[in-house]
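Reading through the C-alpha cells given below for one structure.
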Amino acid sequence: FGIKAAVLLRIPDILSDSLEKSMSLEEIAARLQGTNIQLAPLRRLLDYLVVKKVLLKIQSLEVPGEFKYGSTELCEMLTESKFARLLMLQDEVVTSGWHHIHEFILHGGEVPFQRAQGMFIWDYMEKNPEFLGLFSQGMVAISNVTMDSVLQTYHGFDEIRGVLVDVGGGFGADIGRVVEKYPHIAGVNYELPHVAHAAPAIPGVRHVRGDMMENIPPADAILLKTILHDFDDDEVILVLQNCYKALPHGGKLIIVDIDMDPAERGPFESLKFAFDLVLLALTKGGKERTSVQFTELLTQAQF
C-alpha cells in the first residue's frame with residue numbers, strides 16, 4: 001500500500017522528470033498537487049520506499065547532513081505509463097478476496113472473491129464498467145511485458161495466412177500488436193459482449209462478441225494468451241474443444257501461459273506463485289499449470 005500511495009502521488013514520475021533523477025524532500029513536496037502538504041508523513045513514506053529499494057537515499061552535495069531521494073530501475077517501472085498493473089492488483093475490490101482465502105481453505109464453498117463481493121469477478125466486471133476499465137488497463141500493462149518476449153522469440157505468426165482469433169483478448173491490445181508487426185494477418189479479438197463493446201478501435205482488428213464456452217469463430221489460427229489459467233480443468237477442456245472445432249485441418253493453436261514446472265526456475269519464480277495465489281482468490285478453479293498438465297488437457301480435448 002505504501003508503493004500504491006507513492007504511485008498515486010506520482011512520486012516516480014516527479015523523480016523521473018527531474019534532470020538529476022534525485023530531489024530533496026522539500027523539492028518533491030513542492031511538486032505534489034495538494035492544499036496542505038504534510039512533510040513528516042511524506043518523509044516517512046519516502047524512507048519506506050528506500051527500504052523497499054524503490055528509491056535511493058543520497059547524501060546531498062550542496063547541504064552537509066541533508067539527503068536527496070533518487071530514482072531506481074524499479075522506480076522507473078512505477079511511472080504513469082507503466083503503473084496500471086499495480087493499481088489493478090492493489091485495488092480494494094481485487095484485494096477484498098484475499099482476506100477470505102483462509103475461510104476457503106477451511107470450509108470450501110464460495111471462492112474468496114465471491115465471499116467478499118457476493119458474485120464472481122466476471123459478473124462484477126459486467127455490472128461495474130469502471131472496475132472493468134481498471135482491470136483491463138492492468139491486464140494490458142502486465143500483458144505488454146510478456147508480449148514483448150512473445151514477439152521477439154516466437155516467429156510462428158509469420159506462417160499464418162488468414163484469420164488469427166485472440167480468444168479472451170480483453171480490449172484487443174495483444175492482437176493489435178501482432179497485426180501491427182504482421183500486417184498480412186486479419187486480427188479478431190473475441191470477447192464477451194460487454195468487454196468487446198467497450199474496446200477501442202484498433203487498425204486491422206475486428207472485435208467480435210461471444211462466449212468461448214459456447215463457441216469460437218472460425219479461424220486459421222487461435223491465440224490463447226494467459227486465459228486458460230482463469231478456469232478449472234473441465235472448462236479448459238471445453239474451451240480447447242471449441243478451439244479444435246474452429247480450426248481447419250493444419251490450423252495453429254498458440255498457447256501463452258505461465259509454466260509452473262519446478263525445473264523452470266528463474267528471476268520471476270516468486271511471481272509465478274504470487275499469480276497462482278491471485279487466481280485462487282479471484283476465480284473458481286483457476287490456477288497456473290505445468291507444461292505436462294497443459295499437454296494432458298490438450299490430449300483430453302482431442303488435439
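Remark on His207: its backbone amide H falls under 5 Å from those of Asn189, a criterion applied only to residues 5 or more positions apart or on other chains, H modelled at 1.01 Å from N. Sorted on the mean count of surrounding Cβ atoms within 10 Å across their residues, most packed first, peptides 103-109, 175-181, 49-55 read 175-181, 49-55, 103-109. For region 94-155, the percent of C-alpha pairs falling in each 5 Å distance bin, counted from 0 to the bin holding the largest distance, reads 4, 16, 18, 16, 13, 13, 10, 7, 3, 0.
Given their separation in residues at 0.36 nm each and the Cα-Cα distance between them, Ser96 and His194 gain 32.9 nm when the chain is fully extended.
Report the net charge of residues surrounding Thr226, where surrounding means a beta-carbon distance below 10 angstrom and charges are Lys +1, Arg +1, Asp -1, Glu -1. Taking every other residue near Thr226 into account, the sum is -3. Taking the chain as a Gaussian network of alpha-carbon nodes connected by springs under 10 Å, the highest mean-square fluctuation of the residues Glu66, Glu235, Glu27 belongs to Glu66. For region 149-300, the alpha-carbon radius of gyration amounts to 1.04 times the rule-of-thumb value 2.2 N^0.38 Å expected for a compact globular protein. Compared with the dominant principal axis of the Cα atoms in the chain, helix 233-246 is inclined by about 60°. Counting every C-alpha pair in region 2-76, the share spaced more than 22 angstrom apart comes to 13%. Comparing mean-square fluctuations of Leu280, Leu32, Leu240 from a GNM of the chain with C-alpha springs under 10 Å, the top value falls on Leu32. The lysines whose alpha-carbon is closer than 22 Å to the alpha-carbon of Lys57, local same-chain residues fewer than 8 away aside, are Lys4, Lys21, Lys68.
Sorted from greatest to least, the principal axis extents spanned by the alpha carbons of the chain come out as 74, 51, 41 Å. Counting Lys and Arg as +1 and Asp and Glu as -1 over every other residue whose Cβ lies under 14 Å from the Cβ of Leu151, the net charge comes to -2. Counting pairs of alpha carbon atoms under 8 Å apart in space and at least six apart in sequence, what relative contact order in percent does the chain give? Relative CO of the chain lands at 13 percent.
Between Leu228, Leu192, Leu42, the Gaussian network model of the chain with springs among Cα atoms under 10 angstrom shows the greatest mean-square fluctuation at Leu42.
Under a 5 Å amide H cut-off, with hydrogens placed 1.01 Å from N, Lys252 pairs with Ala221, Ile222 among residues at least 5 apart or on other chains.
A cut-off under 13 angstrom between Cβ atoms defines the neighbours of Ala199, and their net charge, with Lys, Arg +1 and Asp, Glu -1, is -1.
Under 23 Å of direct C-alpha separation, and excluding same-chain neighbours fewer than eight residues apart, Lys287 reaches these lysines: Lys225, Lys272.
Measuring nothing but alpha carbons in region 14-140 and taking Rh as the Kirkwood radius, the Rg to Rh ratio lands at 1.12.
For the peptides 7-16, 120-129, 243-252, 163-172, the ranking by mean Cβ contacts within 10 Å, running from highest to lowest, is 163-172, 7-16, 120-129, 243-252. Computed from Cα atoms, the angle from the helix 129-153 axis to the main principal axis of the chain rounds to 80 degrees.
Residues whose amide H falls under 5 Å from that of Phe67, counting only those 5 or more places apart or on a different chain, are Ser60, with hydrogens built in the peptide plane. What separates the Cα centres of region 200-237 and region 118-149 is a distance of 15 Å. Between the helical axis of 269-282 and the longest alpha-carbon principal axis of the chain there is an angle of about 70 degrees.
Here, each number is a calculation from the coordinates, and none is a lab measurement. Here the structure is a predicted model, which is why all the values come from computation and not from measurement. All Cβ positions, glycine included, derive from the backbone under ideal geometry; neighbour counts span all protein chains shown.
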